[in-house]
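The block underneath contains the structure these notes are about, expressed in structure tokens.
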Amino acid sequence: MKIVFHQSQEKKETEVHVYYHEPLDQETKEICKYLQSFSQTILAYDKQQIYHLLLKDIYYIESVDDKTFLYTKDHVYLSKNKLYELENLLKKTSFIRISKNTIMNIHYLKSVKSLLGGKMEATLINQEHLIINRHYLSAFKKKFGL
Amino acid sequence: MKQKIIFFLLCDCISYTILSFIMFILSFFPSLVMSGSHQVYMSFFIVTTFIAFLITLTYCFEFSSFWLECLTLLTEIFLVVYGIGGGIFHWFEWEWVYLIEVAFICVVVFFITYILMYYHGQYIARKINQRIEDENHENY
């Protein structure tokens with residue numbers, strides 16, 4: 001695969017063009033899905049208003065009492081999707097399931113800390129702390145190539 | 001499933017190693033333990049395999065509290081050691097002094113295993129933090 005970067009003063013925003021050969025190979029499919037995730041949106045609700053929330057703006061998703069909440073930098077939205085539906089939707093993106101009720105965006109991960117009982121504590125860049133359950137630790141480590 | 005089998009085998013090996021090591025230390029005090037023979041070591045293996053199986057099973061559940069999980073695991077270990085080790089293999093007499101000694105060994109083995117797991121977790125956490133740092137350097 002050839003990767004070319006062009007710097008241009010004319011462009012107001014970054015553009016990504018993918019030139020590919022049919023049939024599309026697995027690697028290119030994954031790259032496309034990953035790139036699309038940056039402009040992909042999720043329907044979010046707040047005070048009876050509907051928003052198209054960009055995936056890249058979501059820090060983490062949490063399910064509490066059968067309700068699914070989407071956390072951005074400084075706001076919390078409600079989603080009508082179940083956590084497992086979002087988990088399927090967000091496969092092969094920067095999101096990863098870290099416990100029975102949480103999906104985290106690893107783009108906003110600042111650091112991790114080991115806890116007793118085989119769990120880990122993730123600190124996000126906004127200083128929020130999330131628990132990584134040991135059932136999901138193996139997939140989490142894989143995401144970092146470990 | 002594959003991961004659960006790997007975890008079970010790892011658990012079995014760790015608990016067998018630690019138990020064997022403790023028995024080796026205790027063998028310097030002949031009054032405390034019975035002399036070693038291949039049957040005795042086979043009984044260690046069976047008991048640690050049962051313990052590893054129960055730990056693997058318990059780890060399938062999510063506990064709300066760390067201490068509740070510890071209590072559940074310790075109860076399982078006591079039941080296996082007293083029931084199979086004491087009841088079937090006659091590792092010790094059913095006297096208070098031996099029961100307390102066995103309970104002490106179980107607790108020590110349990111917490112040594114937990115501490116080792118904690119340090120392994122710290123090693124993994126360090127590696128992940130290094131990866132995050134490297135990615136941040138690449139991005140800026």
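Tabulated data
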item: Where a residue in the stretch A:22-41 is farther than 15 Å from A:N105 by Cα and its partner, wherever it lies, is assigned to a loop (DSSP other than H, G, I, E, B) and at pLDDT below 85, with Cβ under 8 Å and at least six apart; result: A:E27/A:M1; A:T28/A:M1; A:E30/A:K92; A:C32/A:L24; A:K33/A:K92; A:K33/A:T93
item: Qualifying position, being within 14 Å of chain B (Cβ to nearest Cβ) and in contact with a strand residue (DSSP E or B) (Cβ under 8 Å, 6 or more places away or on another chain), among A:E87, A:E121; result: A:E121
item: B:F89 touching a residue at least 40 places away in the same chain (Cβ under 8 Å), more than 16 Å from the chain's Cα centre (by Cα) and surrounded by 15 or more Cβ atoms within 10 Å (Cβ to Cβ); result: yes
item: Looking only at the stretch A:118-146, and only at residues there that are part of a helix (DSSP H, G or I) and open to solvent by 60 Å² or more (accessible area, probe 1.4 Å), the one that is nearest to B:D134 (Cα to Cα); result: A:K143
item: Filter pass, A:Y45 being touching a Leu at 6+ places or on another chain (Cβ under 7 Å) and surrounded by fewer than 16 Cβ atoms within 10 Å (Cβ to Cβ); result: yes
item: Every residue from the stretch A:67-101 that is more than 18 Å from A:L43 (Cβ to Cβ) and not in a strand (DSSP E or B); result: A:K73, A:D74, A:K91, A:K92, A:S94, A:K100, A:N101
item: A:K92 vs. criteria over 23 Å from B:T113 (Cα atoms), surrounded by fewer than 18 Cβ atoms within 10 Å (Cβ to Cβ), at pLDDT below 90 and more than 14 Å from the chain's Cα centre (by Cα); result: no
item: Which numbered condition B:L116 misses (of (1) free of Cβ contacts under 8 Å to residues at least 60 places away in the same chain; (2) open to solvent by 90 Å² or more (accessible area, probe 1.4 Å); (3) within 13 Å of another protein chain (Cβ to nearest Cβ); (4) not polar (S, T, N, Q)); result: (1)
item: Per-region count, the stretch A:96-117, residues open to solvent by less than 40 Å² (accessible area, probe 1.4 Å), within 7 Å of another protein chain (Cβ to nearest Cβ) and of a type outside the set (G, A, S); result: 2
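The values are calculated or read from the model by the stated rules, or taken from the named source; none is laboratory data. What you are looking at is a predicted structure, and each value in this text was computed from that prediction instead of being measured. All Cβ positions, glycine included, derive from the backbone under ideal geometry; neighbour counts span all protein chains shown. Side chains are part of the model used for accessible areas, which takes the heavy atoms of the whole protein and leaves out ligands, DNA and RNA. Shrake-Rupley method; radii C 1.70, N 1.55, O 1.52, S 1.80 Å.
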